[in-house]
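The values are calculated or read from the model by the stated rules, or taken from the named source; none is laboratory data. Because the structure is a prediction, the values reported are computed rather than measured. All Cβ positions, even for glycine, are placed from backbone atoms using ideal geometry, and neighbour counts span all protein chains on display.
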Amino acid sequence: MVFDITSFLVGIVVGGLTGGLAGILYAFERTADVEESLLKLRKDVNSLDSAMTSNGSPGRMSEEKMRQLRTELDSIREDIRKMYRKNAS
């Protein structure tokens, strides 16, 4: 009887620990996804900047691409803000 109760309590503690660790790993994965998106956007901005300087003036396609990049950056910035708010709570 004592062994059953002890086993039950140990199971609850281990389950809580496992859940906590899973939450931490999820947060790390989310952060890695955000960093990967930022790296991709940084490469796009660099290539677009190179194209614009070689052409002399931005074209219609470049303006549209810049607008899309700004939208993506705003989205990522909002994701980061949400992550910080979540961690601060």
Filter result for ALA27 (over 16 Å from LEU69 (Cβ atoms), surrounded by 10 or more Cβ atoms within 10 Å (Cβ to Cβ), touching a Lys or Arg at 6+ places or on another chain (Cβ under 9 Å) and aliphatic (A, V, I, L, M)): yes
Return the pair list, or none, for Cβ contacts closer than 8 Å from residues in the range 53-79 that are more than 16 Å from LEU38 (Cβ to Cβ) to residues that are at pLDDT 70 or above and acidic (Asp, Glu), at least 6 apart or on different chains. LYS65/ASP44
Looking at the range 28-65, which of the residues that are aliphatic (A, V, I, L, M) and more than 16 Å from ILE76 (Cβ to Cβ) is modelled with the lowest pLDDT? MET61
